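Written below as structure tokens is the structure these notes are about.
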Amino acid sequence: MKRRAVLACLATPAIAQPWRPERPIEILVGFAPGGGTDLDARSYGAAMERVLGVPFVVTNRAGAGGEVALAAVARARPDGLTLGTTNMPGLLTIPIERAAQFKLADFAPIASLVTDPSAMTVHAQSPLRSVADIIARARANPDTLTFASPGVGTDDHLQLVLFMALTGTRITNVVYAGDAPMRTALLSRQVDISGLNLGASAANAENTRILAHAGAARSRFAPDVPTFKELGLDIQMASERGIVAPAATPAPILARLREATAVVAQDPQFRQQLEQRYSELAYEPHDTWFARLAHREAEYRRLWQTTPWNR
């Protein structure tokens, strides 16, 4: 009997133990602290700690519209201990617009988590009280209006590119390191318009006025704010925020991170924190997410041919 038991054990394939990180996991964020991407990453990290039982540390590496952090993730050791936040469309548009330090194939997707429509916001005392006012002013005085964005090729900037193309206007893009400096610039009247996402604008609406947003429909967080489509402008753009690892990360590690992230997407505390920031949960598994991005990449390449956004 003893011999048969030993043989049975030898004949049964060993079951791999789920990966458990032995050191803290770092999440690289490509924008300044205090913005939507940064806060989402911190909420995600805290929720992942509850699932995996290991600390998560957020590191901000702002610069070049998110390229600095994404390049660092692409070059990181593929051991599951370095993750990065992504922002659409910058994840796709940066390598189209310039010789970037990363490409989509450099990453292994974990999941997409959040969506937050692009928006146009002005100071509460601004004479620009509507999108029509912006169009009239920009046509009468080309290049004099200023627009704050976190970088060329970001969703905030691309809504401006499409806006100018559709309205025949010229507005000057001014780049900041993230939401917090963009908000400061607007409140101090250093810029005329801010491209802050709807969630960031609605959650900090004091002394500001949101004129329109680029979502597919009105948001429950700002029901009085019209979409650009309602105003006759075919602009649909949002910051889609997800999590990636380096491309060569082993399959068992990716499987554990993806499994834990799926749990986080259902975590009541994580969902409540998004709600408090007026951001919509938009969980999308790794495979369908990157399949959709491959299609979107082709669309952005076509847009680049007709409306280059680095001019």
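The values are calculated or read from the model by the stated rules, or taken from the named source; none is laboratory data. None of these values were measured; they are calculated from a predicted model. Here Cβ is always computed from backbone atoms with ideal geometry, including for glycine, and neighbour counts include all displayed protein chains. For the accessible areas, the whole protein counts, side chains as well, though only heavy atoms, and no ligand, DNA or RNA atoms are used. Shrake-Rupley method; radii C 1.70, N 1.55, O 1.52, S 1.80 Å.
Tell me, which residue of segment 60-69 that is small (Gly, Ala, Ser) and farther than 19 Å from ALA247 by Cβ is surrounded by the most Cβ atoms within 10 Å (Cβ to Cβ)?
GLY65
Which is hydrophobic (A, V, I, L, M, F, W, C), in contact with a Lys or Arg (Cβ under 8 Å, 6 or more places away or on another chain) and modelled with pLDDT of 95 or more, of VAL244, VAL225, VAL263, VAL191?
After applying the criteria, what remains is VAL225.
Restricting the search to segment 166-186, which residues are surrounded by fewer than 23 Cβ atoms within 10 Å (Cβ to Cβ), over 20 Å from ALA124 (Cα atoms) and at pLDDT below 90?
If the condition is that a residue be surrounded by fewer than 23 Cβ atoms within 10 Å (Cβ to Cβ), over 20 Å from ALA124 (Cα atoms) and at pLDDT below 90, then ALA177 is the only one that fits.
Mind checking which residues of segment 126-154 are of a type in the set (Val, Ile, Thr) and either at pLDDT below 95 or part of a strand (DSSP E or B) (or both)?
Result: THR146, VAL152, THR154.
Out of the residues in segment 268-311 that are closer than 23 Å to ALA99 by Cα and among the polar types (S, T, N, Q), which is surrounded by the most Cβ atoms within 10 Å (Cβ to Cβ)?
My answer is THR307.
Could you please tell me which pairs satisfy a Cβ distance under 8 Å, a separation of 6+ or placement on different chains, a first residue in segment 24-44 that is at positive phi, and a second residue that is among the small types (Gly, Ala, Ser) and surrounded by fewer than 20 Cβ atoms within 10 Å (Cβ to Cβ)?
Here the result reads GLY34/ALA180, each pair linking segment 24-44 to a residue that is among the small types (Gly, Ala, Ser) and surrounded by fewer than 20 Cβ atoms within 10 Å (Cβ to Cβ).
If the requirement is being over 18 Å from ALA64 (Cβ atoms) and not basic (Lys, Arg), which of these qualifies: SER130, SER149?
Residue meeting the stated conditions: SER130.
Kindly provide the set of residues from segment 177-211 that are over 18 Å from PRO226 (Cβ atoms) and over 22 Å from the mean Cα position of the chain (by Cα), ordered by number.
LEU187, SER188, ARG189, GLN190, VAL191, ASP192, GLU206, ASN207
A quick yes/no check of all residues on (1) touching a residue at least 24 places away in the same chain (Cβ under 8 Å); (2) among the acidic types (Asp, Glu); (3) surrounded by 20 or more Cβ atoms within 10 Å (Cβ to Cβ):
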{"site": "ALA71", "(1), (2), (3)": "yes, no, yes"}
{"site": "THR86", "(1), (2), (3)": "yes, no, yes"}
{"site": "ALA99", "(1), (2), (3)": "no, no, no"}
{"site": "LEU104", "(1), (2), (3)": "yes, no, no"}
{"site": "PHE107", "(1), (2), (3)": "yes, no, yes"}
{"site": "ALA124", "(1), (2), (3)": "yes, no, no"}
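Whether any residue in segment 228-238 is free of Cβ contacts under 8 Å to residues at least 12 places away in the same chain and surrounded by 14 or more Cβ atoms within 10 Å (Cβ to Cβ) is what I want to check.
Checked segment 228-238: no residue is free of Cβ contacts under 8 Å to residues at least 12 places away in the same chain and surrounded by 14 or more Cβ atoms within 10 Å (Cβ to Cβ).
Within segment 41-59, is even one residue at pLDDT 95 or above, open to solvent by less than 10 Å² (accessible area, probe 1.4 Å) and closer than 19 Å to ASP155 by Cα?
Checked against the condition, which is being at pLDDT 95 or above, open to solvent by less than 10 Å² (accessible area, probe 1.4 Å) and closer than 19 Å to ASP155 by Cα, segment 41-59 yields at least one hit.
Answer with yes or no whether PHE163 is open to solvent by less than 30 Å² (accessible area, probe 1.4 Å) and within 20 Å of LEU70 (Cβ to Cβ).
no
Within segment 252-264, can one find any residue that is of a type in the set (Lys, Arg) and closer than 22 Å to ILE27 by Cβ?
The answer is yes; a qualifying residue exists.
Would segment 19-27 turn up any residue that is open to solvent by less than 10 Å² (accessible area, probe 1.4 Å), modelled with pLDDT of 95 or more and either touching a Ser or Thr at 6+ places or on another chain (Cβ under 8 Å) or more than 30 Å from ALA217 (Cα to Cα) (or both)?
Yes, segment 19-27 contains at least one residue that is open to solvent by less than 10 Å² (accessible area, probe 1.4 Å), modelled with pLDDT of 95 or more and either touching a Ser or Thr at 6+ places or on another chain (Cβ under 8 Å) or more than 30 Å from ALA217 (Cα to Cα) (or both).
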